[in-house]
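Working notes, beginning with the structure itself.
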Amino acid sequence: MNEEKAAILKGTLDMLILKIVALGPIHGYAISQRIQQISKDYFRLQQGSLYPALHSLENRGLLAADWRATDTGREAKFYKLTPKGRKHLEAEMESWERTAQAVALILRTAQ
């Protein structure tokens, strides 16, 4: 990931993870795959970014996790959104929408 994407992602990684987990219980590797797929390969999360973020979200009570077998039979930690995580996600999405609208207004300003 280039520095520009990393800078953008740094402030939004938690929100993107929470949004993917809100769709249903999912393990870490599948989270990174889903984000990559939905963003049409724009975001490619490295383990060094994803797993510390997952641990932080879990420690903050925004995600809960348990160990289960994957489709391939391997054990993996599956994450799900907590009620606190859902409220946090909603607040972050509203903030992101306001920010995106404000940036769009500035970008549309005639020169």
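The values are calculated or read from the model by the stated rules, or taken from the named source; none is laboratory data. The structure presented is a predicted model; accordingly, all values stated were derived computationally and were not measured. All Cβ positions, even for glycine, are placed from backbone atoms using ideal geometry, and neighbour counts span all protein chains on display.
Just to be sure before I move on: is residue 23 under 22 Å from residue 95 (Cα atoms) and under 11 Å from the mean Cα position of the chain (by Cα) in the structure I sent? No; evaluated as a whole, the condition is false for this residue.
Out of the stretch 62-84, which residues are free of Cβ contacts under 8 Å to residues at least 12 places away in the same chain, under 23 Å from residue 16 (Cα atoms) and outside any strand (DSSP E or B)? Correct list: 83 only.
Of everything in the stretch 27-51 that's without any contact (Cβ under 8 Å) to a residue 24 or more places away in the chain and over 12 Å from the mean Cα position of the chain (by Cα), which residue is nearest to residue 76 (Cα to Cα)? Selected residue: 47.
Confirm whether residue 106 is touching a strand residue (DSSP E or B) at 6+ places or on another chain (Cβ under 9 Å) and in a helix (DSSP H, G or I). So residue 106 does not fit the description; no.
You will find that of 60, 68, 108, 86, the residue that is at pLDDT below 95 and either of a type in the set (Asp, Glu) or surrounded by 10 or more Cβ atoms within 10 Å (Cβ to Cβ) (or both) is 68 and no other.
The set of residues from the stretch 37-57 being of a type outside the set (Ser, Thr, Tyr), in a helix (DSSP H, G or I) and over 16 Å from residue 15 (Cβ atoms) comprises 37, 47, 48, 55.
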